[in-house]
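Asker: The following block contains the structure, expressed as structure tokens.
The values are calculated or read from the model by the stated rules, or taken from the named source; none is laboratory data. None of these values were measured; they are calculated from a predicted model. Neighbour counts run over all protein chains shown; Cβ positions are idealised from the backbone, glycine included. The accessibility values were calculated without ligands, DNA or RNA, using every heavy atom of the protein model including side chains. Shrake-Rupley method; radii C 1.70, N 1.55, O 1.52, S 1.80 Å.
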Amino acid sequence: MDNSDTIHTQFVEVLLPLNLKNLFTYRVPSELNEEIIIGKRVSVPFGKKKILAGLIYSIHEKPPKDYEARYIIDVIDNESIVDQNQLELWSWMSNYYMVSLGLIYNAAMPAGLKLEGESKMVLNPDFDSDNIVLDSKEALLIEAILSEKELSITQATSYLKSRSIHKYVKSLYIKGAIFLKDDIQKNYSAKTASYIKINEDLANEDQLHEIFNQLEKRAKAQLKTLMTFIAHYGIEGECEKTILVKHEVTNASINALIDKEIFVQEKREKSRLEFSVNENPIEKLNDLQHQALTEIESGFNNQKPVLLHGITGSGKTHIYAHLIEKALNEKQQVLYLLPEIALTSQLIIRLQRYFGKKLLVSHSKFTNNERVEIYQAIASGESYLIVGTRSAIFQPFKNLGLIIIDEEHESSFKQHEPAPRFNARDKALFLAHKKQIPILLGSATPAIESYFNAHQSKYQLVSLTQRHNHSKLPQIEVIDMKVQKKQKRIRGIFSDTLIEAIANAKKEGKQTILFQNKKGYVPVLECNVCAWTPKCQNCDISLTYYKYQENLRCHYCGFKQEVVNQCVSCGNKGIELIGYGTERIEDELSLYLPELSIRRMDYNTTRLKNAHTKIIDEFASGKIDVLIGTQMVAKGLDFENVTIVGILNADHIISFPDFRSNERAYSLITQVAGRAGRKKDLGTVYLQTSMPDHAIIQRIVDHDYLGMYQTDLDEREKFNYPPFYRLIKITIKHKDALELYHLGVIAKNKLSTFFGSNLLGPEKPYVGKIRNWYIINFVLKIPNQGGSIRTHKSKLSQAIQQLEKAKEFNKSRIIIDVDPL
């Protein structure tokens, strides 16, 4: 027998979008051998009845030793949807963040590309059985399809009682007897649009003249529609039906012309991606920016990540634009990562002016269909600027030539829930290192770890110390709320000083931003006799009062209940409002200054798609006098008419119990303050606090980042925190508090044998119960030295496996968070 005719039995390792540690080996039917390619999806049997869509991770000819491999059912894709670069990145993430590949696959792929199901056969309505020869097995399948109307590959296998089903399916498909309906892809559907044009048989002056005469007598609305079409699109042109309606013609008249075959309607696929076609030249850089650009490119040439430390308003985005333009001109793709969706809307308008149709946006507010189209556009390899939040790091980049991480210090780059708990900034740094891609990290308040890396020569440091267009940093006026209270100069949460500043800004035609990092009306309702507060029934947290929805709500699980007017504990009817959320601030400010136009920008006002953009546009156009917001107003927004910024309660930011609290307070308050006076007018920041002498307040007033950095760095070195040590948080959850206590003792004993004094805990977190799961945490501190991290992770994996096998842990959950924030 000729060896060239030998059929090799192939096996594939399949990655399923499930939280499972292993890949699964499946056997490939010989008739599908030529269709098997890494990165394609296949439908496979899983368990007794399930059929799942998995991804081909590798191909080999080694059967599993411990079990007989089941056959894959079907190959779904004509081409790979994931490339080798993506799989390498996923593998690194799985190892580094100690999480299953399945969870990474689940997070990385758009929902429309990771579904359950399999291909189904339906009969071709034009099939003529008299003129096509079928063998007995094919005839049996046709009978089954006629009976069932549509037949899955699995059903066909049981009908024929044969594993060689694919050769009969292929034969019927080639003979034109059946169509294959990909049920697996039904969650993604292409967008279609109806296009209108004049019937080609009528598209001449004589015919049209006759039609005009007929319509003028009996159908003047239709005549108007036809004339309008010709005026805008000509005799041979076409347009979308929805666009034609905007020219003050009716759908009824369009449909009547279609019925009379004067118009021809055709449905075609249309991209959901909206591009701006206008591209304007980027403004020239000033001398300091040009010098910074030269230093950045020098860092790129030295193959180092570059940290751009530019004060607020120094024109960092301007520099980014020049770098982006260069990469796009070289036909490369560019990834521009932002921490918040709120930042994308204003930035996109600016970037669209420069890059037009080369700009793509990727974030979680898009529909599944839009995400699939963005994914496919990037995978095409065309030169695009991709602007997105942390999930954009999973896109299938081709020829990626530049990565920009804006506001690189932001904790929003870290995914907390659900797994995988990755940091998009760190993942981008790995990708850049692996593929030798230039990467730029920008911030007015760099993360201490990043600035430390720059001083260790791991990054190249570039500084911008002056604002663009010679504007000055805002003055920061610290308001001692204890003194104001003694002088009876406080109205609610507002000092008289701040109220007067807001009123004066209104008189001068200027705008104000107020920052308060708490949503809702008030954080807590409290009995004024026994101090009882209504708490969530599922979580260990007080319920937040929302006045406009008239309910109490948990920010962790979404539990809601009606507002209470009487204490459940003592029966007292004196229920007090404790604290201030953004709703209450809006309410009270409108009482003190009723002439103001006030809007909030927080999670509750920006949940809908494009809600951020609408609020930002209204504020930028001057329709809003005062914008009240949470962290959304702190990052990267640029409003030329804002001269006043009010930080209503700095104490809550400073006093948070965490080793990063000073760094976060400095960054957050500095970033909010940076929204003031960005153009010609000098801005003023009013910082309300009862701790005016706190060291971090003084650093903020003096704009002293280096002082904050050095003080915090010394503390961290003394107490073994990053960047000198790496942290891993181990969380154990159980639905019984007492049982969790016992598990904590067992885990402590086990983990201590591996890690000794490097292990801290167990500790109950600030919120000790979420969604009916009680929680304890351990923290593992690992010296930041070479192989030490890998060794400790290996030990931790061993320890966790041993704990999970113990029967006591059957009803618990163990969660690992590498580099927690």
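Asker: Out of region 611-622, which residues are under 13 Å from VAL642 (Cα atoms) and open to solvent by 70 Å² or more (accessible area, probe 1.4 Å)?
Answerer: SER621
Asker: Exactly one of these conditions fails for ILE104: (1) of a type outside the set (Phe, Trp, Tyr); (2) in contact with an Asp or Glu (Cβ under 9 Å, 6 or more places away or on another chain); (3) open to solvent by less than 20 Å² (accessible area, probe 1.4 Å). Give me its number.
Answerer: The number of the failed condition is (2).
Asker: Mind telling me which of the residues LYS748, LYS769, LYS764 ends up being in contact (Cβ under 8 Å) with a residue 24 or more places away in the chain and crowded, with 17+ Cβ neighbours inside 10 Å?
Answerer: LYS769 is the lone residue from the list that is in contact (Cβ under 8 Å) with a residue 24 or more places away in the chain and crowded, with 17+ Cβ neighbours inside 10 Å.
Asker: Quick check on this structure: which one of HIS247, HIS232 is open to solvent by 40 Å² or more (accessible area, probe 1.4 Å) and either in a strand (DSSP E or B) or in contact with a helix residue (DSSP H, G or I) (Cβ under 7 Å, 6 or more places away or on another chain) (or both)? Steps first, please.
Answerer: Values: HIS232 fails: either in a strand (DSSP E or B) or in contact with a helix residue (DSSP H, G or I) (Cβ under 7 Å, 6 or more places away or on another chain) (or both).
Going through HIS247, HIS232 in turn, the sole match is HIS247.
Asker: Same structure again: Quick check on SER412: is it among the small types (Gly, Ala, Ser), in a helix (DSSP H, G or I) and either farther than 13 Å from LEU308 by Cα or open to solvent by less than 10 Å² (accessible area, probe 1.4 Å) (or both)? Full working, then the answer.
Answerer: Values: among the small types (Gly, Ala, Ser): yes; in a helix (DSSP H, G or I): yes; either farther than 13 Å from LEU308 by Cα or open to solvent by less than 10 Å² (accessible area, probe 1.4 Å) (or both): yes.
In short, yes.
Asker: Please list, ordered by first then second residue, the pairs with beta carbon atoms under 6 Å, 6 or more apart or interchain, first in region 67-93 and under 17 Å from ASN106 (Cα atoms), second open to solvent by 70 Å² or more (accessible area, probe 1.4 Å) and at pLDDT below 90.
Answerer: Once the first residue is under 17 Å from ASN106 (Cα atoms) and sits in region 67-93, no partner that is open to solvent by 70 Å² or more (accessible area, probe 1.4 Å) and at pLDDT below 90 comes close enough.
Asker: Any residue in region 247-258 that is closer than 12 Å to LYS197 by Cα sitting within a Cβ distance under 9 Å of a residue that is open to solvent by 60 Å² or more (accessible area, probe 1.4 Å)? List the pairs, counting only those 6 or more apart or interchain.
Answerer: Taking only residues 6 or more apart or on different chains, the pairs are ILE254/GLN265; ILE258/GLN265.
Asker: Going by the structure shown, is LYS781 charged (D, E, K, R), assigned to a helix (DSSP H, G or I) and buried (at least 18 other Cβ atoms within 10 Å of the Cβ)?
Answerer: Considered against the rule, which asks whether it is charged (D, E, K, R), assigned to a helix (DSSP H, G or I) and buried (at least 18 other Cβ atoms within 10 Å of the Cβ), LYS781 comes out as no.
Asker: Kindly establish whether GLU31 is at pLDDT below 85, touching a Lys or Arg at 6+ places or on another chain (Cβ under 8 Å) and in a helix (DSSP H, G or I).
Answerer: Details: at pLDDT below 85: yes; touching a Lys or Arg at 6+ places or on another chain (Cβ under 8 Å): yes; in a helix (DSSP H, G or I): yes.
Against the criterion (at pLDDT below 85, touching a Lys or Arg at 6+ places or on another chain (Cβ under 8 Å) and in a helix (DSSP H, G or I)), GLU31 qualifies.
Asker: Please note which helices (runs of 4 or more DSSP H) are completely contained in region 419-488 and include at least 1 residues that are within 17 Å of ASP704 (Cα to Cα) and among the aliphatic types (A, V, I, L, M).
Answerer: Counting at least 1 such residues, we get 448-455.
Asker: Kindly indicate whether ARG489 is among the basic types (Lys, Arg), surrounded by 15 or more Cβ atoms within 10 Å (Cβ to Cβ) and touching a helix residue (DSSP H, G or I) at 6+ places or on another chain (Cβ under 6 Å).
Answerer: Considered against the rule, which asks whether it is among the basic types (Lys, Arg), surrounded by 15 or more Cβ atoms within 10 Å (Cβ to Cβ) and touching a helix residue (DSSP H, G or I) at 6+ places or on another chain (Cβ under 6 Å), ARG489 comes out as yes.
Asker: Any idea which of (1) in contact (Cβ under 8 Å) with a residue 24 or more places away in the chain; (2) touching a strand residue (DSSP E or B) at 6+ places or on another chain (Cβ under 6 Å) is the one LYS519 doesn't satisfy?
Answerer: So LYS519 meets the others, but not (2).
Asker: Just give me the residues in region 504-529 being hydrophobic (A, V, I, L, M, F, W, C), under 26 Å from TYR548 (Cα atoms) and open to solvent by less than 30 Å² (accessible area, probe 1.4 Å), in sequence order. Quick ask: steps written out before the conclusion?
Answerer: Taking region 504-529 as the starting set, the residues that turn out to be hydrophobic (A, V, I, L, M, F, W, C) are 505, 513-515, 522, 524-525, 527, 529.
Then drop every residue that is not under 26 Å from TYR548 (Cα atoms), which leaves 513-515, 522, 524-525, 527.
Those that are hydrophobic (A, V, I, L, M, F, W, C), under 26 Å from TYR548 (Cα atoms) and open to solvent by less than 30 Å² (accessible area, probe 1.4 Å): ILE513, LEU514, PHE515, VAL522, LEU525, CYS527.
Asker: Further question on the same structure: Only one of these is over 34 Å from the mean Cα position of the chain (by Cα) and either over 30 Å from SER495 (Cβ atoms) or modelled with pLDDT under 95 (or both): LEU738, LEU727, LEU713, LEU706. Name it.
Answerer: Details: LEU727 fails: over 34 Å from the mean Cα position of the chain (by Cα); LEU713 fails: over 34 Å from the mean Cα position of the chain (by Cα); LEU706 fails: over 34 Å from the mean Cα position of the chain (by Cα).
Just a single option satisfies the conditions, and that option is LEU738.
Asker: Within region 301-345, which residues are aliphatic (A, V, I, L, M) and in contact with a His (Cβ under 8 Å, 6 or more places away or on another chain)?
Answerer: Within region 301-345, ILE311, ILE341, ALA342 qualify.
Asker: Okay, next question. Is there any pair linking a residue in region 192-217 that is over 17 Å from GLU261 (Cβ atoms) and at pLDDT 85 or above to one that is open to solvent by less than 70 Å² (accessible area, probe 1.4 Å) and part of a helix (DSSP H, G or I), with Cβ under 9 Å and at least six apart or on different chains, and which?
Answerer: Partner pairs satisfying both residue conditions: GLU216/LEU223.
Asker: Take region 489-523 and flag every residue that is in contact with a Phe, Trp or Tyr (Cβ under 7 Å, 6 or more places away or on another chain), farther than 22 Å from PHE619 by Cα and assigned to a helix (DSSP H, G or I).
Answerer: Correct list: THR497 only.
Asker: For region 590-610, name all the residues that are surrounded by fewer than 17 Cβ atoms within 10 Å (Cβ to Cβ) and in a helix (DSSP H, G or I).
Answerer: SER590, LEU591, TYR592, TYR603
Asker: Keeping to region 404-449, report how many residues are free of Cβ contacts under 8 Å to residues at least 12 places away in the same chain and touching a His at 6+ places or on another chain (Cβ under 8 Å).
Answerer: Adding up the residues that qualify gives 0.
Asker: I would also like to ask the following. Considering only residues that are closer than 22 Å to TYR725 by Cα, open to solvent by 20 Å² or more (accessible area, probe 1.4 Å) and out of contact with any strand residue (DSSP E or B) (no Cβ under 8 Å at 6 or more places or on another chain), which ones fall in region 434-453?
Answerer: GLU449, PHE452
Asker: Further question: So the check is Cβ under 7 Å with 6+ separation or different chains; which pairs have a first residue in region 714-743 that's under 30 Å from ASP426 (Cβ atoms) and free of Cβ contacts under 8 Å to residues at least 40 places away in the same chain and a second one that's of a type outside the set (Ser, Thr, Tyr) and open to solvent by less than 60 Å² (accessible area, probe 1.4 Å)?
Answerer: That search, which allows pairs on different chains as well, returns GLU717/PHE724.
Asker: Name the pairs: first residue in region 373-390 and open to solvent by less than 40 Å² (accessible area, probe 1.4 Å), second residue of a type in the set (Lys, Arg) and assigned to a helix (DSSP H, G or I), Cβ to Cβ under 8 Å, at least 6 apart or on different chains?
Answerer: Short answer, once both residue conditions are applied: SER383/LYS358; TYR384/LYS358; LEU385/LYS358.
Asker: Assess whether ILE319 counts as being at pLDDT 90 or above and out of contact with any helix residue (DSSP H, G or I) (no Cβ under 6 Å at 6 or more places or on another chain). Can you show your working first?
Answerer: On the way: at pLDDT 90 or above: yes; out of contact with any helix residue (DSSP H, G or I) (no Cβ under 6 Å at 6 or more places or on another chain): no.
So ILE319 fails the test.
Asker: Determine which member of the set LEU473, LEU498 is out of contact with any Asp or Glu (no Cβ under 6 Å at 6 or more places or on another chain), of a type outside the set (Gly, Ala, Ser) and open to solvent by 40 Å² or more (accessible area, probe 1.4 Å).
Answerer: Step by step, each of LEU473, LEU498 is checked, and only LEU473 is out of contact with any Asp or Glu (no Cβ under 6 Å at 6 or more places or on another chain), of a type outside the set (Gly, Ala, Ser) and open to solvent by 40 Å² or more (accessible area, probe 1.4 Å).
Asker: For ASP638, indicate whether it is within 30 Å of GLY622 (Cβ to Cβ), open to solvent by less than 60 Å² (accessible area, probe 1.4 Å) and assigned to a loop (DSSP other than H, G, I, E, B).
Answerer: yes
Asker: Which of the residues spanning region 34-57 are open to solvent by 40 Å² or more (accessible area, probe 1.4 Å), closer than 16 Å to ILE81 by Cβ and outside any loop (DSSP other than H, G, I, E, B)?
Answerer: Scanning region 34-57 gives GLU35, TYR57.
Asker: Please specify each residue of region 714-738 satisfying the condition of being over 25 Å from ARG790 (Cβ atoms) and surrounded by fewer than 15 Cβ atoms within 10 Å (Cβ to Cβ).
Answerer: The answer is ASP714, GLU715, LYS718, LYS735, ASP736, ALA737, LEU738.
Asker: Further, regarding this structure: Among the residues of region 9-24, what is the count of those that are open to solvent by 20 Å² or more (accessible area, probe 1.4 Å) and under 32 Å from the mean Cα position of the chain (by Cα)?
Answerer: 9
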